[in-house]
Amino acid sequence: MPTTKGHDGPSTTEDLLDGVADWGPTLCHVGIFHLIPVTFDLGIPLVARWMNDPAVAAFWDLAGPEIRTTRHVRVQFESGGRSVPCLGVLNGTPMSYWEIYRADLDPLARYYPALPHDTGLHLLIGDPRDRGRGLGSVLLRTVADLILEKRPDCPRVIAEPDVRNAASLRIFYTTGFECIGEVDLPSKRAAIVTRDRNSLCPPPEGRMPQFTDPNLPDWC
């Protein structure tokens, strides 16, 4: 799988995430994993096919013609370096999609007490055969570790999974993330989960604290 170096296109522009394109491959329990920024010629058709899987479409809402995925990814490209869409390549095979983004510069920061350089992530495992066997947990831990290693100013990794997505929540909780509250985002009710540099926290018990402010504006 080629890297984006030498390719023309938005994915080669400088980002605000300490150069995701240059983070390089990393060794994890299941092999060599590499985050490679998406390019229009190589990544979009594959990601669009994954988005049409009903299990993915239920939470990403990007099923349909390829242009829907293209538009979604283009928004990441045009974010001024705040978000980098990536293919997750395991042992040379693209098998997952990731968005690494500056949570403190994202509209999400209106909904929780953001810290400077908080780094967010979105993820999906593309092939159904790769789901349900622990691979997501391994890769989530790997990417969270990678973010904290490559971004020394980042205090914590942030995610906002849909509260209906029990499988996703389970993966976050088993990889050291802690829920700090539930919020009503424009497209979903989400759990705000965080993993900082110092703690591996068990799943929270009881009712989660609330951070939603009804006076805050919706996402643009």
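The values are calculated or read from the model by the stated rules, or taken from the named source; none is laboratory data. Note that the coordinates shown come from a computational prediction; the quantities given were computed from them, not determined experimentally. When we count neighbours, we look across all protein chains shown, and the Cβ atoms used for this are built from the backbone with ideal geometry, even at glycine. Ligands, DNA and RNA are excluded from the accessible area calculation, which covers all protein heavy atoms including side chains. Shrake-Rupley method; radii C 1.70, N 1.55, O 1.52, S 1.80 Å.
Evaluating ILE67 against the criteria (1) touching a strand residue (DSSP E or B) at 6+ places or on another chain (Cβ under 9 Å); (2) of a type in the set (A, V, I, L, M); (3) modelled with pLDDT of 95 or more leaves one unmet condition, (1). So which residues in region 78-89 are surrounded by 21 or more Cβ atoms within 10 Å (Cβ to Cβ) and either under 13 Å from LEU46 (Cα atoms) or of a type outside the set (Gly, Ala, Ser) (or both), if there are any at all? Of everything in region 78-89, those that are surrounded by 21 or more Cβ atoms within 10 Å (Cβ to Cβ) and either under 13 Å from LEU46 (Cα atoms) or of a type outside the set (Gly, Ala, Ser) (or both) turn out to be VAL84, PRO85, CYS86, LEU87, GLY88.
Residues of region 27-53 that are modelled with pLDDT under 95 and open to solvent by 80 Å² or more (accessible area, probe 1.4 Å): HIS29, ASP41. For first residues located in region 63-81 and touching a residue at least 60 places away in the same chain (Cβ under 8 Å), partners that are outside any loop (DSSP other than H, G, I, E, B) and surrounded by 14 or more Cβ atoms within 10 Å (Cβ to Cβ) and lie 6+ apart or on another chain with Cβ distances below 6 Å form the pairs PHE77/PRO10. Take TYR97 and tell me if it is crowded, with 19+ Cβ neighbours inside 10 Å, modelled with pLDDT of 95 or more and either basic (Lys, Arg) or within 24 Å of ASP184 (Cβ to Cβ) (or both). For TYR97, the condition - crowded, with 19+ Cβ neighbours inside 10 Å, modelled with pLDDT of 95 or more and either basic (Lys, Arg) or within 24 Å of ASP184 (Cβ to Cβ) (or both) - is not met.
Yes/no matrix, rows are residues, columns are (1) closer than 17 Å to LEU124 by Cβ; (2) acidic (Asp, Glu); (3) in contact with a helix residue (DSSP H, G or I) (Cβ under 9 Å, 6 or more places away or on another chain):
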position	(1), (2), (3)
LEU17	no, no, yes
GLY43	yes, no, yes
TRP50	yes, no, yes
GLY81	no, no, no
ASN91	no, no, no
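Taking residues in region 115-130 that are touching a residue at least 24 places away in the same chain (Cβ under 8 Å) and closer than 14 Å to TRP98 by Cα, and partners anywhere that are crowded, with 17+ Cβ neighbours inside 10 Å and among the polar types (S, T, N, Q), the pairs with Cβ atoms closer than 8 Å and at least 6 places apart or on different chains are LEU123/SER96; LEU124/SER96; ILE125/SER96; GLY126/SER96. Restricted to region 75-182, the set of strands (runs of 3 or more DSSP E) holding at least 2 residues that are small (Gly, Ala, Ser) comprises 83-90. If you scan region 156-189, which residues turn out to be under 15 Å from LEU121 (Cα atoms), of a type outside the set (Val, Ile, Thr) and open to solvent by 40 Å² or more (accessible area, probe 1.4 Å)? Listed by number, the list holds a single entry, GLU178.
Just one of the numbered conditions (1) open to solvent by less than 30 Å² (accessible area, probe 1.4 Å); (2) under 28 Å from LEU148 (Cα atoms); (3) assigned to a helix (DSSP H, G or I) is not true of ALA57: (2).
Just one residue in the set HIS122, HIS72 is in contact with an Asp or Glu (Cβ under 6 Å, 6 or more places away or on another chain), surrounded by fewer than 19 Cβ atoms within 10 Å (Cβ to Cβ), within 24 Å of ARG164 (Cβ to Cβ) and modelled with pLDDT of 95 or more; that residue is HIS122.
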